[in-house]
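The values are calculated or read from the model by the stated rules, or taken from the named source; none is laboratory data. Quick caveat: nothing in here was measured; it's all calculated off a predicted structure. All Cβ positions, even for glycine, are placed from backbone atoms using ideal geometry, and neighbour counts span all protein chains on display.
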Amino acid sequence: MFVRNILSAIIISVAPVSSVLAAGGDTPPIPSQDWSFSGPFGTYDKAALQRGYKIYREVCASCHSMKRVRFRNLEALGYNEDQIKAIAAEYSVEDGPNEDGDMFERAALPSDAFISPFPNDNAAKAANGGAFPPDLSLMTKARANGSNYVHALMTGYKDKLPHGVELSDGQYWNTYFTGNKIAMAPPLMDESISYEDGTIETLDQYAKDISHFLTWAADPYMEERKRTGFKVILFLLIFAGVMYGVKRRIWSNIH
Amino acid sequence: MSNAPREKFDNTVVEWVDSRLPIFTMMKNEYGVFPTPRNFNWFWNFGAIAMFMLITMIATGIVLAMHYTADTKLAFDSVERIMRDVNGGWLIRYIHMNGASFFFIAVYIHIFRGMYYGSYKAPRELLWILGVIIFLLMMATAFIGYVLPWGQMSLWGATVITNLFSAIPFVGESIVTLLWGGFSIDNPTLTRFFALHYLLPFVIVGVVLLHIWALHVTGSNNPLGLEPKSKKDTLPFHPYYTSKDFFGIIVFIIFYAIFIFYMPDALGHPDNYIPANPLVTPPHIVPEWYFLPFYAILRAVTFNMNIYMLAGLGLLAVFMVEFIWRHKPKYLNGFLGFLLLVLGSGLAVFGLLADLNQGWEIPMSAANLAPISAKFGGVLAMFGSIGLLVILPWLDNHPIRSARFRPLFRIFMIIFTISVFILGYAGSQAADKVYFMEFNNTMLAQIFTGFYFMFFLIILPLLSRFEKGRELPKSINEAVLSKAQKAGA
Ligand code: HEM
């Protein structure tokens, strides 16, 4: 009964709540960026992916897991097998039990998934003042207009609060976050990460690169998908043309 | 299925089989030489397209089921593993996911075709009703399928919809417990949903076979709505319609493929890429697009139905049956009819006002005597809106089938179609979204829900009684020839 009552209460409140959030969220439209991966022939930019991965490794990975991506997937970023082995080996994972029944630590292998910063969700919350840093593997698919959203979120922090707004401890003001009060401190700022390839080290560029990387992580088969699609649709168009001719031929003796 | 003597086949193997089980004869009669009206337009392609989609869904579904795990802890991960680690898994899943939408697109067009050209009328009532049953089964299958990936929308969509059943008096609670397999949506819910999601498509196949069987008894309707009278009016199904259907299916697949390969997630909801979490309610719970018109009807009923409204509606129903539907009243005279009309509408309006103004001092307070709560009323309206399709052949008993020869019906049919789209839009928006002044989304939904029911219950019976209709051509062949002559001249 108890559960049912709670559920009915939720159902009744759902409709009003949704509109309060929709109306009171005060988030402006998300600005669109130029992405190399948009459009029917879009592809990922390997250099941007590598820079994005660097940002993830050096910054985001201290709070956010990416459990669905494996080191071997990094091949798509242009790394070769040895480089991937070396990257994986920088991390250690718990494995086991061995023949003696003990768990042991070993260096990560290319077949391992990215190592999570916290052993479980509660530990992640505890370390972040009660807010849970969500897994980033699917982030750009899990938000409307995801690639642009992540860019906007990274660049949307404001020091000057709108009039009358107060933040509690550990809260920050972000223009694009639903409800605006986010429990993630601004993770990036100008020149906070050094690029080896001479790309400018600005917040905007960082935001583009991390978003590029997260888009790939959420949708690793995008290039193959679009390439296959092109062939399939080309074939179908030709096939449709032929079938139309056949149909016309068959029907030509009618009326 | 005719009793005509069997013709021998030249091929000895075929003949050997056919003389023992006349399956080749059946295929020849039903798909080879089957006499089909010669004047189909492109709307007649969508049956074959729906059949193609059903086969596609079953084929891709079985492959998905090989890799899917029905366990609340593993379901989301197993779907992501299909997307990332199974060879071609992303393609299979995107075909299945977008396939549900394109299946509904095909079926909605198919249903529209049936309504516009009067295909539901005698002698095809049962064929039509079997179609409505397929539609209901599809809705159940798609709803249950959407729960399987166990994302946020899966869980919360299932929560909203299964909770509706609790509004049914007396048995509601037990039905919900049975659906859930417990006292909340949890692992037992997911496992039974998976079992049902595997089962229902094959039930659909069964009903589709009955649907086609019934079709082959009555033969197809056509854009003129005339029965074929002579051999000149028909063509053998093969090769004329096999070639036309084949072409139509390929064109349909092109649109389908654009979604699969270039915008595979456009028809879905981003929240379903967040693993289900019973502690976090998504800000905006919306069903899949193909349910939106019905979701709007569900939410439009925000008032209780008290005894005044029910009595009023009852009297109006008696009036409609006696004076409009029967054409000649059987039991009542004109004065009584007038009384029914005035009393019925008066009571219904009074009941509605009484419900909206709970402060009114009226005999037997409306709040106390509302046998149908707003929630149950919504559920009744939602299922009723599909139930109306079942009795459509009796609501519209005009002798002319095709809207081509019924100008008034045609106009209302077009308005009806537009209003279903508007209902779909209303279903996608928050209930209290304001359009202008006091006019909000609930009111929009209420107006068009009202029109939906009026179309079936008032407009169609009135039209069948009073619409004259245009003169019908003598035969299909004649109409086709005169059109060809006009085009040639
Ligand atoms: C009438 C035909 C069918 C319809 C309308 C339908 C509809 C759906 C829908 C809407 C989903 C959710 C898609 C998503 O977000 O992932 C789904 C998932 C699924 N369906 Fe079906 N389905 C049909 C037939 C089948 C059949 C015959 C099977 C298996 C024999 C099947 C197996 C599955 C599985 C395993 C999933 C979960 C995996 C996934 O979410 O991609 N389906 N279905």
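Quick rundown of the values:
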| quantity | calculated |
| --- | --- |
| Those residues of the stretch B:140-164 which are within 12 Å of chain A (Cβ to nearest Cβ) and either out of contact with any Asp or Glu (no Cβ under 7 Å at 6 or more places or on another chain) or more than 11 Å from the ligand (Cβ to nearest atom) (or both), in sequence order | B:Pro149, B:Gln152, B:Leu155, B:Trp156, B:Gly157, B:Ala158, B:Thr159, B:Val160, B:Ile161, B:Thr162, B:Asn163, B:Leu164 |
| Filtered residues of the stretch A:87-105 (kept if assigned to a strand (DSSP E or B) and charged (D, E, K, R)) | A:Glu94, A:Asp95, A:Glu105 |
| Criterion (under 24 Å from A:Met189 (Cα atoms), in contact with a Phe, Trp or Tyr (Cβ under 9 Å, 6 or more places away or on another chain) and among the hydrophobic types (A, V, I, L, M, F, W, C)) met by exactly one of A:Leu109, A:Leu49, A:Leu74 | A:Leu49 |
| Residue in the stretch B:204-256 that is farthest from the other protein chains (Cβ to nearest Cβ), counting only those that are among the aromatic types (Phe, Trp, Tyr) and within 20 Å of B:Gly32 (Cβ to Cβ) | B:Trp213 |
| Condition met for B:Leu472 (surrounded by 16 or more Cβ atoms within 10 Å (Cβ to Cβ), under 27 Å from B:Lys229 (Cα atoms) and not assigned by TED's automatic domain parsing to the domain that holds B:Lys231) | yes |
| Among (1) aliphatic (A, V, I, L, M); (2) outside any helix (DSSP H, G or I); (3) within 14 Å of chain B (Cβ to nearest Cβ), the one test that A:Leu214 misses | (2) |
| Tabulated pairs, the stretch B:83-111, first closer than 14 Å to B:Ile258 by Cβ and touching a residue at least 12 places away in the same chain (Cβ under 8 Å), second assigned to a helix (DSSP H, G or I) and more than 10 Å from the ligand (Cβ to nearest atom), C-beta under 6 angstrom, 6+ apart or interchain | B:Tyr94/B:Ile260; B:Ile95/B:Ile260; B:Asn98/B:Phe259; B:Asn98/B:Ile260; B:Phe102/B:Tyr256 |
| Members of the stretch B:277-303 found to be more than 16 Å from the ligand (Cβ to nearest atom), touching a Ser or Thr at 6+ places or on another chain (Cβ under 6 Å) and within 27 Å of A:Gly179 (Cβ to Cβ), listed by number | B:Pro283, B:His284 |
| In the stretch B:426-440, the residues that are part of a helix (DSSP H, G or I) and farther than 13 Å from B:Ile297 by Cβ | B:Ser428 |
| Failed criterion for B:Ile175 (all others in (1) within 14 Å of chain A (Cβ to nearest Cβ); (2) of a type in the set (A, V, I, L, M); (3) surrounded by 20 or more Cβ atoms within 10 Å (Cβ to Cβ) hold) | (3) |
| Qualifying positions in the stretch B:345-389 - among the acidic types (Asp, Glu) and either surrounded by fewer than 15 Cβ atoms within 10 Å (Cβ to Cβ) or modelled with pLDDT of 85 or more (or both) | B:Glu361 |
| Qualifying positions in the stretch B:178-195 - more than 14 Å from chain A (Cβ to nearest Cβ) and buried (at least 16 other Cβ atoms within 10 Å of the Cβ) | B:Leu190, B:Arg192, B:Phe193, B:Phe194 |
| Counted residues, the stretch B:152-211 - those being among the β-branched types (Val, Ile, Thr) and under 23 Å from the mean Cα position of the chain (by Cα) | 10 |
| Residue satisfying condition, being more than 16 Å from the ligand (Cβ to nearest atom), in the same structural domain as B:Lys121 (by TED's automatic domain parsing) and either of a type outside the set (Phe, Trp, Tyr) or surrounded by 15 or more Cβ atoms within 10 Å (Cβ to Cβ) (or both), within set B:Ile274, B:Ile260, B:Ile204, B:Ile253 | B:Ile253 |
| Hits in the stretch B:79-114 (condition: more than 15 Å from the ligand (Cβ to nearest atom) and farther than 23 Å from B:Ile249 by Cβ) | B:Asn87 |
| Residues that are surrounded by fewer than 17 Cβ atoms within 10 Å (Cβ to Cβ) and either in contact with a Gly (Cβ under 6 Å, 6 or more places away or on another chain) or not in a loop (DSSP other than H, G, I, E, B) (or both), drawn from the stretch B:1-23 | B:Thr12, B:Val13, B:Val14, B:Glu15, B:Trp16, B:Val17, B:Ser19, B:Arg20, B:Ile23 |
| Enumeration of residues in the stretch B:264-283 that are in contact with a helix residue (DSSP H, G or I) (Cβ under 9 Å, 6 or more places away or on another chain) and free of Cβ contacts under 8 Å to residues at least 24 places away in the same chain | B:Asp265, B:Ala266, B:Pro270, B:Pro283 |
| Residue list for the stretch B:52-62, filter: surrounded by fewer than 18 Cβ atoms within 10 Å (Cβ to Cβ) and in contact with a helix residue (DSSP H, G or I) (Cβ under 7 Å, 6 or more places away or on another chain) | B:Thr56, B:Ile58 |
| Any hit, the stretch A:101-119, residues being within 19 Å of B:Asp85 (Cα to Cα), free of Cβ contacts under 8 Å to residues at least 12 places away in the same chain and under 23 Å from the mean Cα position of the chain (by Cα) | no |
| Residues being in contact with a His (Cβ under 6 Å, 6 or more places away or on another chain) and buried (at least 17 other Cβ atoms within 10 Å of the Cβ) - total across the stretch B:24-46 | 1 |
| Count - residues of the stretch B:210-229 that are assigned to a helix (DSSP H, G or I) and either within 14 Å of the ligand (Cβ to nearest atom) or in contact with a helix residue (DSSP H, G or I) (Cβ under 7 Å, 6 or more places away or on another chain) (or both) | 6 |
| B:Gly118 being out of contact with any strand residue (DSSP E or B) (no Cβ under 9 Å at 6 or more places or on another chain) and either over 25 Å from A:Lys67 (Cα atoms) or within 10 Å of the ligand (Cβ to nearest atom) (or both) | yes |
| Residue list for the stretch B:43-78, restricted to those being of a type outside the set (A, V, I, L, M, F, W, C), within 11 Å of the ligand (Cβ to nearest atom) and in contact (Cβ under 8 Å) with a residue 40 or more places away in the chain | B:Thr56, B:Gly61, B:Tyr68 |
